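Here is the structure we will look at.
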2 protein chains.
Amino acid sequence: MAATMADVARVARVSKKTVSNYFNGYRYMTADTRSRIEAAIVELNYKLNLSARSLSSGRTGTIALAIPEIAHPYFAELAEAVVSAAQRRGMSVVVEVTAGQHDQELSVLRGTRGRSVDGLIAHPIALGASDIDSATVDIPVVLVGDRVHSGPFDFVTVANEQGAYDMTRFLFEHGRRRIVALGMEESPVPTAAAQRFDGFRRAHHDAGVEMVPELLVGPIPWNRLSGAEAIARAIDAGLEFDAVFGLNDAIALGAMAELQRQGLTIPGDIAVAGFDDVEEAALAFPPLTTVDSGREWIAETAVNRLVELIEVGASEEVPTVTVASHSVKYRASV
Amino acid sequence: MAATMADVARVARVSKKTVSNYFNGYRYMTADTRSRIEAAIVELNYKLNLSARSLSSGRTGTIALAIPEIAHPYFAELAEAVVSAAQRRGMSVVVEVTAGQHDQELSVLRGTRGRSVDGLIAHPIALGASDIDSATVDIPVVLVGDRVHSGPFDFVTVANEQGAYDMTRFLFEHGRRRIVALGMEESPVPTAAAQRFDGFRRAHHDAGVEMVPELLVGPIPWNRLSGAEAIARAIDAGLEFDAVFGLNDAIALGAMAELQRQGLTIPGDIAVAGFDDVEEAALAFPPLTTVDSGREWIAETAVNRLVELIEVGASEEVPTVTVASHSVKYRASV
DNA sequence: ATGAAAGCGCTAACAC
DNA sequence: GTGTTAGCGCTTTCAT
C-alpha cells in the first residue's frame, strides 16, 4: 500500500496540513519541521497523489497540445518547444493528434476528447472562423498557427505576410529579380500560403519589380518532393529565373536538391530561400537561407499566456492576438 | 458551477451509481433509463470529472512517453505512433523530453518527474544496464529502443543486427561488393550503431565478401550533414565503392544528396541504402531503399503490452523482450 | 507556524 | 437493474 500524506504526517509528527504546506511551497516552517517531513517522505518513499490534489484543488497541472501531426518537422519542433516551455512552468503536456480533420479539431476545442486538463493550445488547420466562433469550451484556450481567426480565443501567430515580404526584399537586395515562388496560393482565406504570397507580391510592388506569372507555382503540397518536382518542371519548361523562394523549408529544400542534381550551383546560378527555419535548414548543403518564423517564441508565448489565463481565470477581456517576431536567417544558399 | 454526477442523477431520476454505470459501459440498463440519463447530461452540459474518477479508481487513463527529443524524425514518428496506438486504446499520452540526459532519464524511470500516469514507455539512450537494474518504479514500464538491457522491464526493440544483415545481403544480391558503411561504431555496448555494424559484418562473412577497412566510416553523428561530409571525404580520398549503407536514414539521405551534387547517379553509379524508413525516405529523390525498423509495430506493441501490464497489474513473470519485425523496403536508390 | 474537520466528485461493495 | 454507503488522498477554511 502506498503511503499517504497522513502517514507522512504521523511519522514526521506534524499534521497533514503541514505536510501539504511543505508540498505547496509554504514559506513559514521551522527548519526542524521541514527536515522531519523530508525524512518521513524518504523513509516511506512517499509520492504525492496528483489525482487527489487535482480533485481537491481543481487543477491538474497539465495542458493539452492539439496539432495535426507530430511527424512533421514544423509540428515536431513546435511540440518540443511547447513541452519545454511548459516544463519550465511546471506543467506537463498531453499531445492530441487531430490529423488535420475538421471534426477532430472541433471535438478538441469542445473538450469532448482529451483528459481533464487546465488549458489547451491548439493549432487548427481545417477550422473556419465560424467553427471557432461556435466553439465553447470551459477551459482557457490559446490558438496558434497560420490563420487569423476572429474567434473568442487568444491567438499567437506567424508573421506570414511580413516574413515573406522581408525575404523577398532580401532577395532583391542580393540582386535577384526573377524569383520563382514555390507553393503559393491565392485564396480569400488567409492561409499561410496565401499570406506568404501576399508578402511576396507586396515586396514586388514596393520595389517596383514585375512579378512574372510563369514563375508563380502553386498550389502544391508543402513537402520536399513536390518542391523538387515543381522546380524540375520549371526548368523543363525553359523558364528563366535567378532565385527560388520556397514558401516553406520543405519545398525549398526539395527544390535545392533538384537544382543541384541538374548541375546548377547554389547560390552561384540560383539563390534559394525558404520559410520556417526548421532545424534541417541549417544542416542542408548549402545551409538554407530562411525566415525564422519564431517557433520557439510562439511556443513560449502561447504557454505563458495560457498559464496566465489559467491562473487568473479566463478574464472577460478581449482575446489578444500576438504576432511572433520573425527574422531572416541569412545562410549560404543566397 | 459545473454539474456533478449527483445533479445528473437527480435530473434523470436515477441514482448516482446508475449514472456511473452509464459512463463505464455497464450493459444492463433499460433503454428508458439510458435515455433519461443522456437527456440530463445534455441538459446540464455535464462532463465527467476525470480527477475524481482517477482518485477513486486508481487509474488515470494516461501514459507517459519519455523520449530524448521530439524534433527528430525518428522520435517524432515514434511519438506519433505511440499517441495513435494509445488513442485507440482510449489512453492519452503525456510526452516527457529527456534530452538524452542521464539524470533526466533516470528521474523519469524513478517516477520523480512526470504526472501521475498509469504507465510509462521510455526510450533511454544514456542509461547503462546498471542504471536500469537499479531503477525502481511503482508503475508498469515498457522500454523501447536500440539497446538490449537486462533490467527488470519489458523491452521492445529494433532488429538492428538482422536488419543490417538483410540490407547488406540485399546489396550483395544487387551486385554490390564495395559498400561504404556510414556511421558504424565498434563498441562492447550494444548501441544501435554497434549492432547494425555487427549485422553488416556478419553478412560479409556469410557471403564470403571481404570488408574493406577504408570503407568503414564512423563514429559520426547520425544526421544528414555528417552523412554528406563523410561521403565527400571518401570521394576526396579517392576511395572506390559501389554502394553506401547509411546506418540510419539521415546519414543515407545526406550521402545521397552529396553524391548527386558531385555528379554521380543513383543507383547507376552508386547504390544507397538507409535504415529506419523515416517518412522522408520514400519522398527523397530517388526514393531511398531502407530497412523498415518497425516503428509502428514497436509503438503498438509497447502500448499494448503496457496496457496489459496496467490491467492485470505488474505480474511476477520475467519481463518479455520483443524484437520488432523488420523488412527491407526496396526503392529506386538501389 | 500548526492542527481539525469538512468536503472535492467519483467508484465500488453490497444490498435489494 | 438500481440504490446506499463508505471511502479514495488531498486542499482548504477556520482555529489556535
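The values are calculated or read from the model by the stated rules, or taken from the named source; none is laboratory data. Predicted model, so just to flag it, every value in this text is computed and none were measured. Using ideal geometry, Cβ is built from the backbone for each residue, glycine included, and neighbour counts are taken over all protein chains shown.
Side notes on the structure shown:
- Count of region A:1-11 residues which are part of a helix (DSSP H, G or I) and away from DNA strand C (no atom under 13 Å from the Cβ): 1
- Among strands (runs of 3 or more DSSP E) entirely within region B:72-189, having at least 2 residues that are farther than 23 Å from B:LYS329 by Cα singles out B:92-97, B:119-122, B:141-145, B:154-157.
- Test: residue in region B:137-154 that is in contact (Cβ under 8 Å) with a residue 24 or more places away in the chain, among the aromatic types (Phe, Trp, Tyr) and not assigned by TED's automatic domain parsing to the domain that holds B:ALA250: yes
- Restricting region A:30-47 to residues that are of a type in the set (A, V, I, L, M, F, W, C) and within 20 Å of B:SER116 (Cα to Cα) leaves a set whose member that is farthest from DNA strand C (Cβ to nearest atom) is A:VAL42.
- Of everything listed in (1) among the charged types (D, E, K, R); (2) crowded, with 23+ Cβ neighbours inside 10 Å; (3) in a loop (DSSP other than H, G, I, E, B), the single unmet condition for B:ARG196 is (3).
- Filtered by the rule that a residue be at negative phi and more than 7 Å from every other protein chain (Cβ to nearest Cβ), region B:97-106 gives B:THR98, B:GLN101, B:HIS102, B:ASP103, B:GLN104, B:GLU105, B:LEU106.
- Residue check, A:THR157 within 20 Å of the chain's Cα centre (by Cα), hydroxyl-bearing (Ser, Thr, Tyr), away from chain B (no Cβ under 14 Å) and within 20 Å of A:GLN195 (Cα to Cα): yes
- Tally, over region A:150-168, of residues that are surrounded by 18 or more Cβ atoms within 10 Å (Cβ to Cβ) and over 30 Å from A:ASP138 (Cα atoms): 8
- The one condition from (1) assigned by TED's automatic domain parsing to the domain that holds A:VAL141; (2) in contact (Cβ under 8 Å) with a residue 24 or more places away in the chain; (3) small (Gly, Ala, Ser) that A:SER107 does not meet is (2).
- Just one of the listed residues (B:GLY218, B:GLY246, B:GLY208, B:GLY263) is among the small types (Gly, Ala, Ser) and within 14 Å of chain A (Cβ to nearest Cβ), and it is B:GLY263.
- Some residue of region A:92-112 being more than 30 Å from B:LYS47 (Cβ to Cβ) and either within 13 Å of DNA strand D (Cβ to nearest atom) or of a type outside the set (Lys, Arg) (or both): no
- Test result for B:LEU109, more than 9 Å from chain A (Cβ to nearest Cβ), hydrophobic (A, V, I, L, M, F, W, C), more than 16 Å from DNA strand C (Cβ to nearest atom) and touching a helix residue (DSSP H, G or I) at 6+ places or on another chain (Cβ under 8 Å): yes
- Number of residues in region A:260-271 that are under 14 Å from A:VAL180 (Cα atoms) and in contact with a strand residue (DSSP E or B) (Cβ under 7 Å, 6 or more places away or on another chain) equals 2.
- Among residues of region A:309-334 that are farther than 23 Å from A:ILE266 by Cβ, those with a Cβ under 7 angstrom from a residue that is modelled with pLDDT under 95 and of a type in the set (Asp, Glu), sequence gap 6+ or separate chain, pair up as A:ILE310/A:ASP118; A:PRO319/A:ASP154; A:THR320/A:ASP154.
- Selection status of A:ARG177, more than 23 Å from A:ALA324 (Cα to Cα), surrounded by fewer than 23 Cβ atoms within 10 Å (Cβ to Cβ) and in contact with a helix residue (DSSP H, G or I) (Cβ under 9 Å, 6 or more places away or on another chain): yes
- Cβ separations smaller than 9 Å between residues 6+ apart or across chains give the following pairs from region A:17-28 residues that are within 14 Å of chain B (Cβ to nearest Cβ) and within 15 Å of A:TYR46 (Cβ to Cβ) to residues that are near DNA strand D (Cβ under 6 Å from one of its atoms) and modelled with pLDDT of 80 or more: A:PHE23/A:MET5; A:PHE23/A:LEU48; A:PHE23/A:ARG53.
- Here B:LEU182 clears all of (1) more than 19 Å from B:SER327 (Cα to Cα); (2) touching a residue at least 40 places away in the same chain (Cβ under 8 Å); (3) surrounded by fewer than 24 Cβ atoms within 10 Å (Cβ to Cβ) except the condition numbered (3).
- Failed condition for A:VAL83, given (1) out of contact with any strand residue (DSSP E or B) (no Cβ under 9 Å at 6 or more places or on another chain); (2) more than 10 Å from DNA strand C (Cβ to nearest atom): (1)
Per-residue answers, yes or no, for (1) within 11 Å of DNA strand C (Cβ to nearest atom); (2) in contact with a strand residue (DSSP E or B) (Cβ under 7 Å, 6 or more places away or on another chain); (3) within 21 Å of B:THR62 (Cα to Cα):
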{"position": "A:TYR28", "(1), (2), (3)": "yes, no, no"}
{"position": "A:THR60", "(1), (2), (3)": "no, no, yes"}
{"position": "A:ALA66", "(1), (2), (3)": "no, yes, yes"}
{"position": "A:PRO73", "(1), (2), (3)": "no, no, no"}
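- Test: residue in region B:233-243 that is within 20 Å of B:LEU283 (Cβ to Cβ) and hydrophobic (A, V, I, L, M, F, W, C): no
- Whichever residue in region A:12-26 is of a type in the set (Phe, Trp, Tyr) and near DNA strand C (Cβ under 9 Å from one of its atoms) and, among such residues, is modelled with the highest pLDDT: A:TYR22
- Search result, residues across region A:60-96 that are in contact (Cβ under 8 Å) with a residue 40 or more places away in the chain, at negative phi, at the interface with chain B (Cβ under 9 Å from one of its Cβ atoms) and surrounded by fewer than 20 Cβ atoms within 10 Å (Cβ to Cβ): A:SER84
- Identity of the residue in region B:138-151, of a type in the set (A, V, I, L, M) and modelled with pLDDT of 75 or more, that ends up nearest to B:ARG196 (Cα to Cα): B:VAL144
- Flag if B:ILE121 is within 14 Å of chain A (Cβ to nearest Cβ), closer than 20 Å to B:SER54 by Cβ, surrounded by fewer than 21 Cβ atoms within 10 Å (Cβ to Cβ) and touching a strand residue (DSSP E or B) at 6+ places or on another chain (Cβ under 8 Å): no
- Residues that are farther than 27 Å from A:ARG89 by Cβ, assigned to a loop (DSSP other than H, G, I, E, B) and more than 15 Å from DNA strand D (Cβ to nearest atom), drawn from region A:12-70: A:ARG13
- Selection within region A:279-298: residues that are without any contact (Cβ under 8 Å) to a residue 60 or more places away in the chain and assigned to a loop (DSSP other than H, G, I, E, B). The member of this set that is surrounded by the most Cβ atoms within 10 Å (Cβ to Cβ) is A:LEU288.
- Between B:GLU311, B:GLU280, the distinction of being more than 22 Å from B:GLN195 (Cα to Cα) and within 12 Å of chain A (Cβ to nearest Cβ) belongs to B:GLU280 only.
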